[in-house]
1. Under the condition of being surrounded by 11 or more Cβ atoms within 10 Å (Cβ to Cβ) and of a type outside the set (Lys, Arg), which residue from segment 509-520 is nearest to the chain's Cα centre (by Cα)?
2. Only one residue in Leu199, Leu182, Leu210, Leu218 is open to solvent by 70 Å² or more (accessible area, probe 1.4 Å) and within 23 Å of Arg76 (Cβ to Cβ). Which one?
3. What are the residues in segment 4-50 that are under 18 Å from Val270 (Cβ atoms) and small (Gly, Ala, Ser), if any?
4. Can you tell me which residue is farthest from Trp99 (Cα to Cα) among those in segment 331-342 that are open to solvent by 90 Å² or more (accessible area, probe 1.4 Å) and not in a helix (DSSP H, G or I)?
5. Does Phe221 qualify as being closer than 20 Å to Val58 by Cβ and either touching a residue at least 24 places away in the same chain (Cβ under 8 Å) or out of contact with any Cys (no Cβ under 6 Å at 6 or more places or on another chain) (or both)?
6. Can you go through Glu260, Glu228, Glu180 and tell me which one is among the acidic types (Asp, Glu), part of a helix (DSSP H, G or I) and under 20 Å from Ser71 (Cα atoms)?
7. Specify which of the listed residues (Ala19, Ala77, Ala33) is closer than 22 Å to Val151 by Cα and among the small types (Gly, Ala, Ser).
8. Looking at Ala418, Ala430, Ala422, which is the one that is open to solvent by less than 40 Å² (accessible area, probe 1.4 Å), more than 30 Å from Val105 (Cβ to Cβ) and modelled with pLDDT under 85?
Amino acid sequence: MDVMPLLLLVAGSAAVAAAARRTPVPAPLLLVAVGLLISYVPGVPGYTLDPHIVLPLVLPPLLYTAATDSSYLDLRAQLRPVALLSVGYVLFATFAVGWAAYLIVPELPLTAALVLGAVVAPPDAVAATAVARRVGLPSKITTILQGESLVNDATAITAYRVALAAAVGEGATWAGGIGEFLLAAVGGVGFGLALMVPLHWLRTHLKEVLLQNTLSLLIPFVAYATAEQVHASGVLAVVTVALYLGHRAWEVDFATRLQEEAVWKMVAFVLESAVFALIGLQLPVILKGLGEYEGWHAALYAIAIFLVVVVSRFVWVYPATFLPRLLSARIREREDNPTWKGPFVIAWAGMRGVVSLAIAFSIPLTMKSGEPFPGRNLILFLTFTTVIGTLVLQGLTLPPLVRLLKLPGRDQQTETLAEANAQAQASRIAEQRLDELLSDERNTLPGPLADRLRSVLERRRNAVWERLGQVNPLTGDSVDDTYRRLSREVIGVERSVFVRLRDARYIDDEMLRTLLRRLDLEEAAAYREAM
């Protein structure tokens, strides 16, 4: 097996993603664009997106890291809009796009057109999260988009299976389709509920940090694979487990949390970068098999389907936002009246991604009768153009759109004040407990060490309040910026002294690593206090 193409993909996509941070262009868009250009460079290996790799091996960890970073409480508060988008909209888009494709493309059977509808229906979790982070959307809109993207893949994959069964001649019925949907949804959530408690128990009882993080890396694959074995939704199983573990992460050992955060950030960065690069690299593969649909007809079909995808989201989002308020007095009492701006951003933020392409590539070549699957190559092409179109057009225009609409962003002053109050309460109670402990003769400490414990609590309490203060008139730095800079300077001096002592053979490398790790932890603590 030649691993060089894989190494080139990972290294190249990581380099492009890193370069994107120095440009105003979101990393997903730059990766797709570079992938499109590189795909026709002579000597570049051919990359075919394999659904047997993407769905069971790439999708679970991306869903897991997105779900653990999400807030279970915020998602529960936005349950209605999330459910209406992740289930209702996906089913609506499946039928809207499918019916439009049936009317637009000659000789395309309705069942095959519905397969296309299910394929392009779900906005992508990776694309939505990546762009939302870059744009800085209001927290409520970000929560809705993230919640939708966590669950909608399960709806789309189930709808795809039902439509595909009808298309290939396996006699799918409405009752069978509803039954399969319920099995996938209930089974997926059920598997997640059954797994989350024992997995959390393991995480809190394993004493070795490396074992805990190994378990963390295995969890999304275990949840996905066990659910899929009985045709339940692996996506829902992963999301259910991840939301629970993320909500209870405070019960895990601090060393595990520090290492786990670093590991998953690296995994998410590599996978997200490779996934978007792969999207662009599919162009030669898609065009090679287009066959009879080449030319202007294919371009017109692509534009038409893209417009239906975009318009259908607006058609669904506005009624789903305002109709519940008109029908329910309880909703009107409990929730603020939304403006037209928030739904507009939610409707425009429906970027498609690698999941749609992976599902499209899983369409079989032949039907049950042995005849070729009708329009398979065209479905692949239309999926590709829809993914590229939404990523480029909506992804590029979303930041200026948010600025143009002047949506209220996160209130940094209010959030910092809440953080300061929370830290003050925690520090006050911790100081009381410290006084109780020090009053016990069994906990007697020398005065300087006891004062150091108190000073640490005081520094943590004051650090957040200082962030609300004035900036330095000479440098323009805030107090926390200055504190962080001075901490790094002092720690840097200590670090250089330790290295010089190692080079002089006064200490050995093992002792140097111990001392450097201690400084690293202190520098990390100083950085976090200033954040």
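1. Taking the candidates together, the pick is Asp520.
2. Just a single option satisfies the conditions, and that option is Leu182.
3. Ala11, Gly12, Ser13, Ala14, Ala15, Ala17, Ala18, Ala19, Ala20, Ala27, Gly35
4. Applying the first criterion (open to solvent by 90 Å² or more (accessible area, probe 1.4 Å)) to segment 331-342 yields 332-334, 336-337, 340.
Narrowing further to those that are not in a helix (DSSP H, G or I): 336-337, 340.
Details: Asp336: 36, Asn337: 34, Trp340: 28 Å.
If we take residues in segment 331-342 being open to solvent by 90 Å² or more (accessible area, probe 1.4 Å) and not in a helix (DSSP H, G or I), then Asp336 is farthest from Trp99 (Cα to Cα).
5. yes
6. Working: Glu228 fails: under 20 Å from Ser71 (Cα atoms); Glu180 fails: under 20 Å from Ser71 (Cα atoms).
Within the list Glu260, Glu228, Glu180, the selection yields Glu260.
7. Ala77
8. None of the other options fit; the residue is Ala430.
The values are calculated or read from the model by the stated rules, or taken from the named source; none is laboratory data. Quick caveat: nothing in here was measured; it's all calculated off a predicted structure. We place every Cβ from the backbone using ideal geometry, glycine too, and count neighbours over all the protein chains shown. All accessible areas refer to the heavy atoms of the entire protein, side chains included, with ligands and DNA or RNA removed. Shrake-Rupley method; radii C 1.70, N 1.55, O 1.52, S 1.80 Å.
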